[in-house]
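Below you'll find the structure, written out as structure tokens, and then a few comments.
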Amino acid sequence: MGEEAGRGGEEAFEPLIVAFCCNWCSYAGADLAGTSRIEYPTNVRIIRVMCSGRVDPIFILEAFRRGADGVLLTGCHPGDCHYIDGNLKAEMRARYIKMCLEEIGLEPERFRLEWISASEGVRFAQLIKEFTDTVKKLGPSPLRRR
Amino acid sequence: MKMGEELRSLLKAAREAFSGERVRWLLGRSRHIAEVGKLSPGEVRDLITNILREELERGRIISELREEGPLTVPELAERTGLPKRRIMWHLICMMKEGRVSVWGKKGDYYAFSVP
């Protein structure tokens, strides 16, 4: 029964993923995935920002505090940033965020930074699938409100 | 794995740390620090880790003071689980920056508050 309950719990767990997508590349990539009718898990909630460099580490921490199981930050590929180096700033911040998550005892794998261009609809869908699987394996966030 | 409530308070402390001037300065300058090359990548990483750790601890102290009002060093030690000497050191550093101040006395101990 225990095994069944455990398996049932695992199957029932649908992670909540918050994705911050930059307006110029990643959001367009997500849009392309949608218009191309590419299927990807519905666990993701996309927040459009003008640049990945706009995302303050506080936004990420707040998403976790409010119960997100995973947070994804996506931006333009290095060198393609609409604002020249916003994505590089995001990369630096991501390193700090991961260190901070490790320090406080939350799995750093719950946060991920990826580069997605406007033409990478397939890549976007694949990333969401991969990340959803990773978060599913990690299990629900201890901060998730039940 | 830490429990939800403990993690929540640590995340609040992390928020405090990332809102503070020290971490924000570091966020803005770390690329420059790495590019100047005076410190090896390992040293840069250690520096950042230490500052982050310190600021997380300070964030915990600040959020406790903000929520629970004026607290003494032993009270802060009990709530945060940090050694008293470390709390005292953080309080002195934060007093210099104007982030905390002496509120008054509670028994034999000085109580600190967020101005």
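For helix A:121-138, report the angle its Cα long axis makes with the longest principal axis of the Cα atoms of chain A; keep it between 0 and 90° and round to the nearest 10°. Compared with the principal axis, the helix lies near 30 degrees. Principal-axis analysis of the Cα atoms of chain A puts helix A:86-104 at an angle of about 20° to the longest axis.
Report the number of Lys pairs in the range A:14-137 whose alpha-carbons are under 20 Å apart, with separation of 8 or more residues or on distinct chains. Let's see the in-between values first.
Numbers: A:LYS89/A:LYS98; A:LYS98/A:LYS136; A:LYS98/A:LYS137; A:LYS129/A:LYS137.
For the range A:14-137, qualifying lysine pairs total 4.
Shielding of peptide B:31-39 by partners, expressed as the average count of other chain Cβ atoms within 10 Å per residue Cβ, is 1.
Pick out, in residue order, every one of the trypsin sites (Lys or Arg not before Pro) in the range B:11-93 that is DSSP loop and has at most 13 other C-beta atoms within 10 Å; say none if there are none.
Values: sites: B:LYS12, B:ARG15, B:ARG22, B:ARG24, B:ARG29, B:ARG31, B:LYS38, B:ARG45, B:ARG53, B:ARG58, B:ARG60, B:ARG66, B:ARG79, B:LYS84, B:ARG85, B:ARG86; in loops: B:LYS38.
Listed in order of number, the matching sites are B:LYS38.
Amide H neighbours of B:LYS106 under 5 Å, counting only residues 5+ apart in sequence or on other chains, H built in-plane at 1.01 Å? When sequence neighbours closer than 5 places are left aside, the close amide H contacts are B:ALA111.
Under the Kirkwood approximation for Rh and a Cα-based Rg, what ratio Rg/Rh is obtained for the protein assembly as shown? Kindly include the intermediate steps, with their values, before the conclusion.
Working: Rg = 20.9 Å, Rh = 20.1 Å.
That ratio equals 1.04.
Rounded to whole Å, the principal axis extents of the Cα atoms in chain A read 56, 38, 19, largest first.
Of all lysines in the structure, the ones whose alpha carbon falls short of 22 Å from that of B:LYS105, not counting any fewer than 8 places away in one chain, are B:LYS84, B:LYS96.
Rule-based calculations on the coordinates, nothing more; no lab input. Owing to the predicted nature of the structure, the values given are computational and were not obtained by experimental measurement. A quick note on method: Cβ atoms are made from the backbone with ideal geometry, for glycine too, and the neighbour counts reach across all protein chains shown.
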